[in-house]
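Accompanying notes for the structure given below.
The values are calculated or read from the model by the stated rules, or taken from the named source; none is laboratory data. Model, not experiment: these values are computed from the prediction. Using ideal geometry, Cβ is built from the backbone for each residue, glycine included, and neighbour counts are taken over all protein chains shown.
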Amino acid sequence: MNIRQREHGDVKILDLQGKITIGVGDVAVRDAVQTALAAGSKKILLNMEGVTTIDSAGVGELVSAYTTVTNRDGVLKLVNLPSKVTDILQITQLITVFEIYDDEDEAVESFS
Amino acid sequence: MEKVAPHAHLTVVSRFESIELVLAVVDDLLKQAELNGETRHWVGLAVREAIANAVKHGSREEEERIRVEATVEDGEVIVRVRDKGPGFDPDELSDPLAPENLLRPSGRGIFYMRKLMDDVEFRFDDDRGTEVVLRKQISSEEDFARTEEDTG
């Protein structure tokens, strides 16, 4: 799992690349979100375009990231979900929990 | 010459790092059975969850081993994962779709296995440990590769 961080205005965008799976990408996502929060970011957008596989641990990390950010009065959203990630969130009805966008500009705009 | 059904046995150390090794073998086996990338992905994810569970809950001592057996025969993928864990009551698992569980960070692995496969069976034995048997019918046309890209 590689994570690249960039900013668009006051929105922190994390580009996730690779697998979000147990013992590998799950910890990386947690660390990246914690780092963004520690740096004062309240608007976090996870760009999932490069995610190749996500398992239940990875889904758990997304949920944890969502609740952690929300509990700190921040907002976490997702953009560019590959179909397999959409399917896996659909199965556990988490697709209704996250705010999800197909277009990055639209996602960034939604924070304002 | 009679065609032999793809079959693999492997024993791996009970660590999360072993998951990719098991998946590489299982994926190769499913390719030999000419299953397409989509079907291989979902079977692989179910196997990933089974191995992760075995690593998390199946070790009574360090350097424990996990045994995996995979085959494609008579229109069915069967993957057996055996560990030394004491087992659990599958009926006691919480429902990850219940509103109070929706935002829990864990508790979805077996639910995914059951959704992705046709049948998931747990067997518990005091001496042999826990075995999970994953089954998926592949008789449907949509499971098979139609192009070279599908098999890649």
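Could you please let me know if A:Ile3 is in contact with a strand residue (DSSP E or B) (Cβ under 6 Å, 6 or more places away or on another chain), in contact (Cβ under 8 Å) with a residue 40 or more places away in the chain and within 25 Å of B:Ala52 (Cβ to Cβ)? Outline the logic, then answer.
Values: in contact with a strand residue (DSSP E or B) (Cβ under 6 Å, 6 or more places away or on another chain): yes; in contact (Cβ under 8 Å) with a residue 40 or more places away in the chain: no; within 25 Å of B:Ala52 (Cβ to Cβ): yes.
The answer is no for A:Ile3.
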Residues in region B:106-122 that are surrounded by 17 or more Cβ atoms within 10 Å (Cβ to Cβ) and either touching a Leu at 6+ places or on another chain (Cβ under 9 Å) or assigned to a loop (DSSP other than H, G, I, E, B) (or both) total 8
Screening B:Ala24, B:Ala46, B:Ala52, B:Ala5 for residues that are away from chain A (no Cβ under 14 Å), among the small types (Gly, Ala, Ser) and either outside any strand (DSSP E or B) or surrounded by fewer than 15 Cβ atoms within 10 Å (Cβ to Cβ) (or both) leaves only B:Ala5
Answer yes or no as to whether A:Gly74 is touching a residue at least 24 places away in the same chain (Cβ under 8 Å) and either within 14 Å of another protein chain (Cβ to nearest Cβ) or touching a Pro at 6+ places or on another chain (Cβ under 9 Å) (or both).
no
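Does B:Lys115 fit the bill of being within 12 Å of chain A (Cβ to nearest Cβ) and at pLDDT 90 or above? Before the answer, list the steps.
Values: within 12 Å of chain A (Cβ to nearest Cβ): yes; at pLDDT 90 or above: yes.
Criteria met by B:Lys115.
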Within region B:56-68, can one find any residue that is within 13 Å of chain A (Cβ to nearest Cβ), over 11 Å from the mean Cα position of the chain (by Cα) and among the charged types (D, E, K, R)?
yes
Do we have any residue at all in region B:89-96 that's aliphatic (A, V, I, L, M), over 12 Å from the mean Cα position of the chain (by Cα) and surrounded by fewer than 17 Cβ atoms within 10 Å (Cβ to Cβ)?
yes
Against the conditions (1) aliphatic (A, V, I, L, M); (2) part of a strand (DSSP E or B); (3) closer than 15 Å to B:Leu134 by Cβ, where does B:Val12 fall short? Just the number, please.
(3)
Tally, over region A:57-76, of residues that are touching a strand residue (DSSP E or B) at 6+ places or on another chain (Cβ under 8 Å) and either of a type in the set (S, T, N, Q) or under 18 Å from A:Ala38 (Cα atoms) (or both):
9
Inside region B:75-105, can you point out the residues that are among the acidic types (Asp, Glu) and either closer than 15 Å to B:Ala46 by Cα or outside any loop (DSSP other than H, G, I, E, B) (or both)?
B:Glu76, B:Asp83, B:Asp91, B:Glu92
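Yes/no matrix, rows are residues, columns are (1) within 13 Å of chain B (Cβ to nearest Cβ); (2) under 10 Å from the mean Cα position of the chain (by Cα); (3) loosely packed, with under 15 Cβ neighbours inside 10 Å:
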position: A:Asp10; (1), (2), (3): no, no, yes
position: A:Leu14; (1), (2), (3): no, yes, no
position: A:Asp31; (1), (2), (3): no, no, yes
position: A:Ala39; (1), (2), (3): no, no, yes
position: A:Ile44; (1), (2), (3): no, yes, no
position: A:Thr70; (1), (2), (3): yes, no, yes
position: A:Lys84; (1), (2), (3): yes, no, no
position: A:Thr92; (1), (2), (3): yes, no, no
Output the number of residues of region B:27-43 satisfying the condition of being more than 14 Å from the chain's Cα centre (by Cα) and either crowded, with 22+ Cβ neighbours inside 10 Å or among the basic types (Lys, Arg) (or both).
2
Could you check region A:21-46 and list, in sequence order, the residues that are in contact with a helix residue (DSSP H, G or I) (Cβ under 7 Å, 6 or more places away or on another chain) and in a strand (DSSP E or B)?
A:Ile44, A:Leu45
